[in-house]
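The values are calculated or read from the model by the stated rules, or taken from the named source; none is laboratory data. The shown structure was predicted, so the numbers you read here are calculated from the model rather than taken from an experiment. Ideal geometry is used to build each Cβ from the backbone, glycine not excepted, and the neighbour counts take in all protein chains shown.
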Amino acid sequence: MDADRAAVRSAAIRFLARRVGAAAGVWWGVVTATFLLLHLVPGGTSLPFLSLRFSGADALAFERQLGLTAPWWQQYLLWWWAVLHANLGTDWVTDLPVVQLLAQALPYTLLLMGSALALTVAGGLGLAAWAVLRPRSFWARAVKAFSRLGPAFPDFWIGSLLLWAAARWLPALPAGGTGIGDGGLAAVPLHLALPVATLVLAQTPFWTRLWFVRLSETLRAPYVLAAQARGLNARRLLWGEALPAAWPPLVALLGAQGIPALVSGAVVVESIFNWPGMGRLVWQAAEAHDLPLVLGAVLTTAAVTVCGALLTDVWVLLRDPRLRRPWQGEA
């Protein structure tokens, strides 16, 4: 018996190691592709930045000082060597360490994404459950229409519309910033309202549709129909029987698609509402052609995205016995 457990444990470790290796490969590929795109553009890496700030000998001296005159492959190896030593370079615009700028911005993005993620999943589940329990009602048809039409509206359009609506009817809601300097932490929820609402409205229709389809399929499963024949009412069937079987694939999809969608949406939303997170930092760095900050921000956001997908994937893998069969078969 102990030998069987040891074999299963060893196979599970190998299985999870492959998942971690695949996630690390994706992260490395994203960062490397970004580095190559930035370094192989016509005219050189620093040309757009230097053309706005230096001329002649000053520009050449700046390039030599930063090692930008070396071949791109040499710059690539030196940059990774610095990354392994927790050194992402110095920001060209502010002359501050890139690590310091990222450490200041990352908590704001995690707060924004965490709030939006929780409300998106809960809102999508609530709307889908409402539609499933009342399939022929007017509200159920409205929820289905919302889930189909909602993805057609991009987040920048939703954010601009919310800004206009808040300025017209809800002037108490701040249009940007965090409010920490004015009202302390108590002002943060008010400043979060509009950017979080933008991300939630942009992502909830997609998750409402997924929850609705998944719950509808699970309610038609034989064991659920058997429970219904025993006299369980619709609510108990939904929350006690259908939901426990419906959520594992959706949680895995949340890590694979939901978190990346929020990360990409945060770039636009943080810029619209002047939220000092990673998205706004990337936008400003790209506008200024600030190479070290762009690379550092891409490295960090890619790591957050890949780690989120990996953690949800592994968690579902450990929670769902059906998904443990591959390594159990190896054992």
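For the range 304-325, residues that are at pLDDT below 80, assigned to a helix (DSSP H, G or I) and either in contact with a helix residue (DSSP H, G or I) (Cβ under 6 Å, 6 or more places away or on another chain) or among the acidic types (Asp, Glu) (or both) total 4. Taking the criterion of being in contact (Cβ under 8 Å) with a residue 60 or more places away in the chain and within 27 Å of residue 218 (Cα to Cα), the residues of the range 256-300 that qualify are 258, 259.
Return the residues of the range 126-150 that are in contact (Cβ under 8 Å) with a residue 40 or more places away in the chain and either of a type in the set (S, T, N, Q) or under 20 Å from residue 197 (Cβ atoms) (or both); say none if nothing qualifies.
Our first condition is that a residue be in contact (Cβ under 8 Å) with a residue 40 or more places away in the chain; within the range 126-150, this holds for 127-129, 131-133, 143-144, 146-150.
Once the filter is applied, which keeps residues that are in contact (Cβ under 8 Å) with a residue 40 or more places away in the chain and either of a type in the set (S, T, N, Q) or under 20 Å from residue 197 (Cβ atoms) (or both), the range 126-150 yields 127, 128, 143, 146, 147, 149, 150.
Is it the case that some residue within the range 89-105 is among the small types (Gly, Ala, Ser), more than 23 Å from the chain's Cα centre (by Cα) and outside the structural domain of residue 232 (by TED's automatic domain parsing)? Looking for residues that are among the small types (Gly, Ala, Ser), more than 23 Å from the chain's Cα centre (by Cα) and outside the structural domain of residue 232 (by TED's automatic domain parsing), one finds at least one in the range 89-105, hence yes.
Picking from residues in the range 128-142 that are under 16 Å from residue 219 (Cβ atoms) and surrounded by 13 or more Cβ atoms within 10 Å (Cβ to Cβ), the one that is farthest from the chain's Cα centre (by Cα) is 134. Restricting the range 284-303 to residues that are modelled with pLDDT under 85 and part of a helix (DSSP H, G or I) leaves a set whose member that is nearest to residue 178 (Cα to Cα) is 284.
Among the residues that make up the range 157-174, is at least one of them under 25 Å from the mean Cα position of the chain (by Cα), under 30 Å from residue 217 (Cβ atoms), free of Cβ contacts under 8 Å to residues at least 60 places away in the same chain and not in a helix (DSSP H, G or I)? Within the range 157-174, not a single residue is under 25 Å from the mean Cα position of the chain (by Cα), under 30 Å from residue 217 (Cβ atoms), free of Cβ contacts under 8 Å to residues at least 60 places away in the same chain and not in a helix (DSSP H, G or I).
Every listed requirement among (1) at pLDDT below 75; (2) hydrophobic (A, V, I, L, M, F, W, C); (3) surrounded by 22 or more Cβ atoms within 10 Å (Cβ to Cβ) is met by residue 254 save one, (1). For residue 120, state whether it is farther than 22 Å from residue 249 by Cα, in contact (Cβ under 8 Å) with a residue 60 or more places away in the chain and of a type in the set (Ser, Thr, Tyr). Judged against the criteria, residue 120 is not a match.
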